[in-house]
Amino acid sequence: MHQKYKEELERAEQIASRIIEKDFYDLEGIEKVLADDYQEHRDSLNGLNLDRIWLRMYYRRYVPRLIAVASAAVIVVMVSLLFVLPDNVDQTYYSETTVILPAEGQITLKLSDGSMVSVDSIKKELETTQGIVYDQNAQVISYDVKSNGQESKEVAEQKYNELFIPKGRSFSLVLSDGSKVWLNAESYIKYPVAFSGGIREVYIEGEAFFDVQKENGNQFVVKTKDYSVKVLGTKFNINTYDQEAFAATTLVEGAVAVSGIGSSEIKIRPGEQLRYDRNSGGVEQFSVDVELYTSWVDNKLKLEEMRLEEMFNILMRRYDIELFYSDEEVKDVKFTGRIPLNENLNVILDQISAISEVEFGVEKRLIVIRKKD
């Protein structure tokens, strides 16, 4: 496939040479050279499809070579490059840096009566009738149970809300007991409007970080599709995305016990991670750098020998992008460092490419990944 790009590059150099052979001011003659070449190659170029992304990359990389060949005709050569690009592609794509910011889907709150509300449009009446307080600047909702008009805690106990976080967004939630939950992109939580004593229980999908408040010895239980985590007061992270082969719980401080994946509870100590293999049913428990699994709360991604494929699985959720691997082996390239999760992705791609043997082609939200030649 890459031979095609090299052939196109050689042809562009030939065009430049032919232009130099012309009188620089013979615009009519130069125009004929370009028009003839365009008609000759139009059909083949229209069929490049995904290849046009890499064609663009080759032209960018070898522009200095073209300038050297064309010398004083450099401006006309750049015009010739526009001619050899497919005419069914937006030309601005090739002349401007693509800006890919995190996706901006709506965060949705499902109330206990079944109605759906966009969190970004929560009105004052919901604070009065439901006890919901929304801090738009901090991107967090909390609950004032005293103001929601509920007759008793027994009634409140039966009322659940559900929060849906789309790709590209993260969000915080303060539960009625003061416990705080950070939800990553593509995550979901179901929780009671008010805890009424006894076991405090919530259900999540995706990824969430918990800072649980102690409450008179009442257990706090997080349920997932894979297992349950029981705590009293602690900080921990749960990753339970359906697309992953593993579900994992990482403990920052305090103590937790995991149940539902064995004959007895498994206790985790601070600085440890429990990892459950969904395919084999196996369980591993080991010490980790907890920041590797919790840095997303601060809109950062800390990497330590992380495979490229794993890294882009995370970026896909934040930026709502599609991936195409031109070379499968690049999936195993490993990276160490930090990545901001709220910046222009194209800048991040440039930085990754500068320090590795991987390069990227970008068209809108499609990222094509391959190994450098």
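Remarks
- Annotation: the residues Met116, Met306, sorted from fewest to most other C-beta atoms within 10 Å of their own C-beta, follow the order Met116, Met306.
- Structure note, pairs Lys223/Lys331; Lys167/Lys225; Lys190/Lys214; Lys235/Lys364; Lys334/Lys372: Cα-Cα distances above 27 angstrom occur for Lys223/Lys331; Lys235/Lys364.
- ³J(HN,Hα), Karplus 6.51/-1.76/1.60, whole Hz, each residue of the range 351-360, x for Gly, Pro: 5, 4, 5, 5, 10, 9, 9, 10, 9, 10
- Shape box of the range 241-299 [Cα atoms, principal axes, largest first, Å]: 35, 28, 15
- Given their separation in residues at 0.36 nm each and the Cα-Cα distance between them, Gln285 and Ile199 gain 28.4 nm when the chain is fully extended.
- With neighbours defined as other Cβ atoms within 10 Å of a residue's Cβ, the residues Val221, Val256 order from fewest to most as Val221, Val256.
- Put a dot 7 Å past the Cα of Ala354, heading toward its Cβ, do the same for Ser112, and the two dots end up 5.4 nm apart.
Quick note: the coordinates plus some simple rules give every number you see, no bench work behind them. Since the structure is predicted, the reported quantities are computational estimates derived from the model, not experimental observations. Methodologically, a virtual Cβ is constructed for each residue, glycine included, from the backbone with ideal geometry; neighbour enumeration extends over all protein chains shown.
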